[in-house]
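**Q** Can you keep this structure in mind? I'll have questions shortly.
What follows draws every value from the coordinates through simple rules; no lab data is involved. The model shown is predicted, which means the values in this text are computed figures rather than measured ones. We place every Cβ from the backbone using ideal geometry, glycine too, and count neighbours over all the protein chains shown.
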Amino acid sequence: MELNTLVDYCFWAPVLLWVGLHFWFRNVSYTVFMKKQLNRGEKWAYVYNGYVKHPARVSFLRFCDVLFTLVASTATALMVVWSMQKFGLGKNAYYGFLSLLLFFGVAHLMKRRTELKLTDLFQSAFYLEYRWVNYDIQRKGIAMSDENVRDRAGLSFAHKLRNAENHGVFWRYVKAMAASKKVPPEMFEVY
């Protein structure tokens, strides 16, 4: 009876692996996505200085993404095969390995969802900075193209995020910028 209980508890191990994979994508591996966006020329993307100075870390994160996805998917597929054998579907149990493809797809969707949330968060924070830089330029009466304003806002945004990173309040600062309603007063006036 104790062996049966132990196996039942092992059934929940893949659930813990999926939770860990979610936190891996959200808290560590997002740097791979940010680096890709930065290489594409997105002004809102920001990568920690440690990853900029040591680009091999990003390659290591890519490798860990694949490895952790493979481990979580394989463990879950093994539990599906074990469950099929336990419930008397032993002849068809090896078809449970086809669920491995399904779990790879679930991991990809999980990673994609994290990337979309990060995109929204950083774009909202950048847009706030863009509005403030645009307001400051208009207030001074300087004629400047939108691309130049965007470049200035990108530099200002990167400087503020680097400063927040150095002080250890990076995520709190980005979330506060994204949720901020402190917009320049003239932006909503009709001319």
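**Q** Place +1 on the Cβ of every Lys and Arg and -1 on the Cβ of every Asp and Glu in the chain, take the dipole about the Cα centre, and give the residue among 174, 157, 109 whose Cα lies farthest towards its positive end.
**A** Value computed over the given set: 157.
**Q** Rank the residues 65, 136, 120 as a footprinting-exposure proxy: fewest other Cβ atoms within 10 Å of their Cβ go first.
**A** Lowest count first: 120, 136, 65.
**Q** Would you mind getting me the FRET efficiency between residue 117 and residue 15? Use the beta-carbon distance for r and R0 = 22 Å, nearest 0.05.
**A** 0.50
**Q** Taking the beta-carbon count within 10 Å as an exposure proxy, list 12, 132 from fewest neighbours to most.
**A** 12, 132
**Q** OK, next. What are the semi-axes of the equivalent ellipsoid for the chain, taken as the square roots of 5 times the Cα gyration tensor eigenvalues, largest first, in whole Å?
**A** 47, 16, 15
**Q** Sticking with this structure for a sec: With each pseudo-label sitting 7 Å past Cα toward Cβ, what's the residue 146-residue 171 distance in nm, one decimal?
**A** In this crude spin-label approximation the distance works out to 3.4 nm.
**Q** While we're on this one: Got a sec to turn the phi values of segment 16-29 into Karplus ³J(HN,Hα) couplings, 6.51 cos²θ - 1.76 cosθ + 1.60 with θ = phi - 60°, whole Hz, x for Gly and Pro?
**A** Residue by residue, segment 16-29 yields 5, 5, 5, 5, x, 5, 4, 5, 5, 5, 6, 9, 10, 7 Hz.
**Q** Okay, next question. Are any of the pairs 36/111; 35/117; 35/182; 117/175 more than 22 Å apart by Cα-Cα distance, and if so, which?
**A** 35/182
**Q** What number comes out for the charge environment of residue 171, summing +1 per Lys or Arg and -1 per Asp or Glu over other residues with Cβ under 13 Å away?
**A** Value of the local net charge: +3.
**Q** Oh, and also: On a full-extension model of 0.36 nm per residue, what is the gain between residue 183 and residue 101, subtracting their alpha-carbon distance, rounded to one decimal in nm?
**A** Extending this stretch completely gives an extra 24.9 nm.
**Q** Now a separate question. Can you sort 137, 142 so the residue with the fewest Cβ neighbours within 10 Å comes first?
**A** Starting with the residue having the fewest Cβ neighbours, the order is 142, 137.
**Q** Another question, then. Within the set of other residues whose C-beta is less than 14 Å from the C-beta of residue 111, count the net charge using Lys and Arg as +1 and Asp and Glu as -1.
**A** Here the count lands on +4.
**Q** Normalised by the number of residues in segment 2-188, what is the relative contact order in percent for Cα pairs under 8 Å and 6+ residues apart?
**A** 22 percent.
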